[in-house]
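Below you'll find the structure, written out as structure tokens, and then a few comments.
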Amino acid sequence: MEREAASGVRLKTDVVVIGAGQAGLSAAYHLKRLGCVPVRGFVVLDQSPSPGGAWQFRWPSLTLGTVNRIHDLPGMRFADVVPADAREAQASVAVPRYFAEYERRFELPVYRPVHVTVVCERDGRLVVEADRLTLSARGIVNATGTWETPYIPAYPGAERFRGRQVHTKDYRTPGEFAGRHVVIVGGGISAIQLLDEISRVTSTTWVTRRPPEFRTGPFDEEAGRAAVKLVEERVRRGLPPQSVVSVTGLPVTPRIEAMRERGVLKRLPMFSDIVPEGVRWPDGTVLRADVILWCTGFRSALDHLAPLGLREPDGGIVMTGRLATQVAKDPRVHLVGYGPSASTIGANRAGNAAATELLAFLESSAPIA
Ligand SMILES: Cc1cc2nc3c(=O)[nH]c(=O)nc-3n(C[C@H](O)[C@H](O)[C@H](O)COP(=O)(O)OP(=O)(O)OC[C@H]3O[C@@H](n4cnc5c(N)ncnc54)[C@H](O)[C@@H]3O)c2cc1C
């Protein structure tokens, strides 16, 4: 990276990729494949302490056998690093091992831990300010995922609750809840998995806003594409993205069948407020609870992009480009792992589209390094 002491911006490159999860690594791989030179042409900044994206922080009981499916990054098979039959391996160990090997094999210029605090515009360039350095770039691929921004919906009385409130992000093992009554909130895959584990060691109540939609029968590629398309249409219109899983429904696995048989899949509608000793429904029924576990998902971590003014007045970001990775208001900015690409396969494809389109856009105004 070129030094530029006078302006106060110390390092100069063409493209900064922010985040080194599946989406950021895919973008970095394709930038390099397309001839962009590491460091002078692009760098990757990642705030995590080591390779693995958010996978390194996932709870220990999430194994390769219990995740949906982790798709290979472009150019290197997962099975080259982790044996295909390692179903019991912790995802938080196996995936980081694969990512570390991937970064090494393709000599990707990943700098960590570097936390990007803000991205703004100065003299026609994008200034990326991080805790340890400042970069000046011509384009950004933002791949910061969602793990850093857990979402807990507001319910009246939450601050008066005498028990513990925990988000999926904080979950480690079911043992910590033994002997307590746990209310599990949420209708997604994480809620179901944690309900399964916790209900084996203590009593639980499961509540969701809408009745969960269980999906039987095969979920083929065509159905997957149709689900992604729905989310893509939303972001093209500038609406907040829904998770891909929220439109695919919950697959009925042998594990879910077993939960049904154990009688733990009895879902209640959402409570209306939280009282000091538990939760309360609109008809006044109170359920005593020691823990509320919010499996209510995550939001995209985009606060550092606020100075660029990418959002519309209603808060959404209008996306464009082949796979809707490009911000319509500022074509120098791509969001990958966002909306329709918030899955390992989606992140792979988005990384390719973003690298290709961003380089073409930058090349059309001036040659890239
Ligand atoms: C519990 C759980 C299970 C899942 N299971 C599956 C599955 O089985 N199959 C599947 O396809 N998908 C699954 N997903 C979704 C999938 O993990 C992600 O969509 C996918 O890995 C894409 O990751 P990403 O690169 O967008 O984000 P991440 O993996 O979150 O990576 C983002 C990176 O950006 C860094 N970062 C964030 N903010 C900053 C900043 N300001 N400055 C610098 N760096 C920053 C973070 O430290 C992190 O390293 C699951 C998600 C969850 C929560």
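The values are calculated or read from the model by the stated rules, or taken from the named source; none is laboratory data. These figures come from a predicted structure and were not determined experimentally. Note that each Cβ is placed from the backbone with ideal geometry, even for glycine, and that neighbours are counted across all protein chains shown. What goes into the accessible areas is simple: the full protein's heavy atoms, side chains included, and nothing from ligands, DNA or RNA. Shrake-Rupley method; radii C 1.70, N 1.55, O 1.52, S 1.80 Å.
What to note about this one:
- Cβ crowding within 10 Å averaged over residues, with 293-300, 141-148 ranked highest first: 141-148, 293-300
- Long-range amide H partners of K12 with built H, under 5 Å: E2, S136
- Using a cutoff of 8 angstrom between alpha carbon atoms and counting only pairs six or more residues apart, the relative contact order for the stretch 255-369 works out to 11 percent.
- Full extension of the chain between V286 and E101 yields a length gain of 61.4 nm, computed as 0.36 nm times the residue separation minus the alpha carbon distance.
- Under 5 Å, built H, 5+ apart or other chain: amide partners of H167: W294
- Among beta bridges that DSSP assigns inside the chain, antiparallel share in %, nearest 5: 40 percent
- On the beta carbon distance between T134 and D303, with R0 = 22 Å, the FRET formula returns roughly 0.80.
- Solvent exposure, largest accessible area first (probe 1.4 Å, DNA, RNA and ligands not counted), of K329, K266, K12: K266, K329, K12
- Cα gyration tensor shape for the chain, rounded if a/c is under 1.5, else prolate or oblate: prolate
- Using θ = phi - 60° in the Karplus curve 6.51 cos²θ - 1.76 cosθ + 1.60, the 3J(HN,Hα) couplings for the stretch 177-193 round to 9, 3, x, 10, 8, 10, 9, 9, 10, x, x, x, 5, 4, 4, 5, 5 Hz; x is entered for Gly and Pro.
- Sequence of F57, F99 from largest to smallest accessible area, 1.4 Å probe: F57, F99
- A328 long-range amide H proximity, modeled H, under 5 Å: V318, M319, T320
- With K and R counted +1 and D and E -1, the other residues having a Cβ less than 13 Å from that of V67 yield a net charge of +3.
- Computed over the chain, the per-residue total of -39500 (n - 2.57) for DSSP H runs of n ≥ 4 gives a 222 nm mean residue ellipticity of -7500 deg cm²/dmol, rounded to 500.
- Peptides 152-159, 198-205 ordered by average Cβ neighbours within 10 Å, highest first: 198-205, 152-159
- Sequentially through the stretch 248-263, phi angles give Karplus couplings (6.51, -1.76, 1.60; θ = phi - 60°) of 8, x, 9, x, 7, 9, x, 5, 5, 4, 5, 5, 4, 5, 6, x Hz, Gly and Pro residues having no value and appearing as x.
- Within a straight-line Cα-Cα reach of under 30 Å, K329 can be paired with the following lysines, leaving aside sequence neighbours fewer than 8 residues apart in one chain: K12, K32, K229.
- Taking the accessible area of the stretch 250-334, probe 1.4 Å, and keeping the other protein chains in place, the carbon and sulfur fraction comes to 54%.
- Heavy-atom accessible surface of R267, to the nearest 10 Å², is about 70 Å², with a 1.4 Å probe and all protein chains retained.
- The value of relative contact order for the stretch 95-196, using C-alpha pairs under 8 Å at least six residues apart, is 12 percent.
- Charge sum, other residues only, whose C-beta stays under 14 Å from V228's C-beta, Lys/Arg counted +1 and Asp/Glu -1: +1
- Protein heavy-atom accessible surface, 1.4 Å probe, per residue over the chain: 46 Å².
- FRET efficiency for S365 and R200, using Cβ-Cβ distance with R0 set to 41 Å, rounded to 0.05: 0.10
- Each residue of the stretch 70-81 was assigned a 3J(HN,Hα) from its phi angle through the Karplus expression (A = 6.51, B = -1.76, C = 1.60, θ = phi - 60°), giving 9, 7, 4, 5, x, x, 7, 7, 4, 5, 5, 10 Hz with x at Gly and Pro.
- Spacing of the two label points (7 Å from each Cα toward its C-beta) at T173 and D220, in nm: 4.4 nm
- Local net charge near D196, Cβ-Cβ under 14 Å (Lys/Arg +1, Asp/Glu -1): +3
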